[in-house]
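The values are calculated or read from the model by the stated rules, or taken from the named source; none is laboratory data. Just so it is clear, the model here is predicted, and its values are computed rather than measured. Cβ coordinates were reconstructed from backbone atoms using ideal geometry, including for glycine residues, and neighbour counts include every protein chain displayed. Each accessible area value is taken on the protein alone, full model and side chains, heavy atoms only, with ligands, DNA and RNA left out. Shrake-Rupley method; radii C 1.70, N 1.55, O 1.52, S 1.80 Å.
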Amino acid sequence: MTARSVARWCLGLGAALCAPLAAAHHAVAAKFDDAKRTQLTGIVTNVDWRNPHVHVFTNVTRADGTVENWAVELESTVLLKRSGWGADTLRPGDAILVDGPAARDGSRQVWGESVVATATNRQVYNVTDTGPTVPLAPRPTPRGADGKPLLGSSDDAGGYWAYPTSTVMMQAGANVQMNKDGLLARVADAPRVAPFQPWALGLYRHRQERHLADDPGFLNCKNPGAVRQFQTPYGVQFVEDPARDRIFVLIGGGNRNYRIIYSDGREQTGQVQGDDDNPLYYGRAVSHWEGDTLVVRTTGFNEDFWFTNGGLPHTDQLSLVERFSRPDYDTLRYEVTVDDPGAYTAPWSTGWELKWVGGEELPVYFCQDNRS
Amino acid sequence: MKRLMTTAVAMLALGVLLSSGAQEGHPLKGSWLGEWEGNSVHGDNILLILDWDGKAITGMINPGTDNMPLGRASLEPNGWVVRLEAEGKDKDGSAVRYVIEGKLENLELPNRSINGTWSSNKGRGTFTASRQ
């Protein structure tokens, strides 16, 4: 192996290791500034139909005759497909009118809040999907042989849970305004979100003031651990394994990993804390039934990730009590109590619901780079 | 060729740095390597091990045979001001009482840093350390 080839290998490895940083998935506000509203008229040169974000490259001719190529950034292929759009909705040569916030860094990128094909005056690539229609008359909760509610599929058709009614966290009764990524409308509201310790409030404010740009889930493809798995737009799938007394929770977003919930009556013993060799993004979860509710106690989280959208801090002292119930066939109720004496002054609770998406597998979505 | 090698090594180092585990919990938790410039008693180099138990910042300066456990330690989120106190001994066995004061910078990065000053009954100087 020559010095040159070693250098090239190192270059390739370095680039590969840098790839997660370049992974372009992000909260919209982390990259685009709503105060920099931009309107563009141009001709499509390419549609890059890839996760985590689709890009429509567009030539824009300025008044002085110069042509600039802009990247119009859109949601993921998964969300766009659910709304009925495809890679060929627009084709090179199509004229479009784009409206949205421009990139904070001044580069020629704009978030495609509105994209209109000018030939037909039709709005395209807008996300309209609100999930499956829930029957007017609730269907009964499916139950297993033991009479307990099934949290997963009750037939071979399969299915998963998605479309959470909330994708953010705040303590019950807080009623603080924030967007779907957990970005506060007013940073001054931060102290109301949770009972923070002073350092945790300072760190939360810092993350908010930076528009969530430091989210390791997006920058480094870290897992949507702890609560966040139930906030992703790509859902979760419960696979119940009664023979081995455990439940697998497959994660639709991020890196297609999974969490195990033990239901064999075991205690929180053994290694209950993650480390470099065994990073526990999902902690160690044990469960029992209280009536029709599965109560899951989880400890042992590492500190390498954000446990919820919005950047609320946590420490390795985090423990969760999650309560899962299925009041009817199409509804999963999720309630969680956060107890982290390392970051909060008291336990606090919140909850939301998810919808059943029957007859489908989890959508394929990987954290990946599409900026190259 | 030299430029290619330099670029390659820089990319590799950057890649390793960026792919290393982040630490998103208490901002001071971790290992910190740095310098307390002009310290004739304990040398210019310093290794700090800091932890957070939910109530107090604990830790050690220069773990080993000449280590100094931290006494009082604080982090003020308003301005991210760090203050660390420790007591060691010089070669003659006399007490050396250290106070490190600095500002936590690049809070969002795994390799965030503390920049400020150190002082003791034996001297004073500038202090810098970055999280490893």
* **Shielding score for B:22-34, defined as the mean number of other chain Cβ atoms within 10 Å** => 5
* Asked: Any idea what the dipole of the range B:18-132 comes to, in debye rounded to 20, about its Cα centre with Lys/Arg Cβ at +1 and Asp/Glu Cβ at -1?
  -> 160 debye
* Post the alpha-carbon centroid distance, the range A:205-248 to the range A:51-88, in whole angstrom. => 27 Å
* To do: Please give the length that would be gained between A:T41 and A:V67 if that part of the chain were fully extended, namely 0.36 nm times their separation in residues minus their C-alpha to C-alpha distance (nm, one decimal).
  => 8.2 nm
* Choose one of A:Q39, A:Q229, A:G351: the residue whose Cα lies farthest towards the positive end of the charge dipole of chain A (beta-carbon charges +1 Lys, Arg; -1 Asp, Glu; about the Cα centre). => A:Q39
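Listed here are the pairs A:K180/B:K55; A:K222/A:K355; B:K55/B:K91; A:K31/A:K222; A:K81/A:K355; which of them are more than 30 Å apart at the Cα?
Among A:K180/B:K55; A:K222/A:K355; B:K55/B:K91; A:K31/A:K222; A:K81/A:K355, the Cα-Cα distance tops 30 Å for A:K180/B:K55; B:K55/B:K91.
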* Could you work out the mean count of beta carbons from other protein chains within 10 Å of each residue's beta carbon in A:195-202? => 4
* Which FRET efficiency value, to the nearest 0.05, do you get for A:R91 and A:V321 by plugging their Cβ-Cβ distance into 1/(1 + (r/R0)^6) with R0 = 41 Å? -> 0.20
* Note the buried accessible area between B and A here, summed over both chains, with a 1.4 Å probe, in Å² to the nearest 100. => 2500 Å²
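What's the average, rounded to a whole number, of partner chain beta-carbon atoms within 10 Å of each residue's beta-carbon in B:103-115? Numbers along the way, then the final one.
Values: counts 0, 1, 0, 0, 6, 10, 1, 3, 0, 0, 0, 0, 0.
Across B:103-115, the average partner-chain Cβ count within 10 Å equals 2.
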* Of all the accessible heavy-atom surface of the protein assembly as shown, with the other protein chains kept in place and a 1.4 Å probe, what percent is carbon and sulfur? -> 51 percent
* Among residues other than B:S130 whose Cβ falls under 12 Å from its Cβ, what is the net charge (Lys/Arg +1, Asp/Glu -1)? -> 0
* To do: Using only Cα atoms, tell me the angle between helix A:198-209 and the longest principal axis of chain A; keep it within 0 to 90° and round to the nearest 10.
  => 30 degrees
* Crossing angle, helix A:3-22 versus chain A [Cα axis fit, 0-90 degrees, rounded to tens] -> 70 degrees
* Asked: What would the Debye formula give as log10 I(q)/I(0) at q = 0.24, 0.28 Å⁻¹ for the alpha-carbon point model of the range A:207-258, no solvent?
  -> -0.92, -1.07
* Structure fact -> Residues meeting the amide H criterion for A:N51 (H placed from the backbone, H to H distance under 5 Å, 5 or more places apart or on another chain) are A:T77
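Can you pull a Stokes-Einstein diffusion coefficient for chain A at 10 °C (1.306 mPa s), Rh from Kirkwood over Cα pairs, as a whole number of µm²/s?
Answer, rounded: 71 µm²/s.
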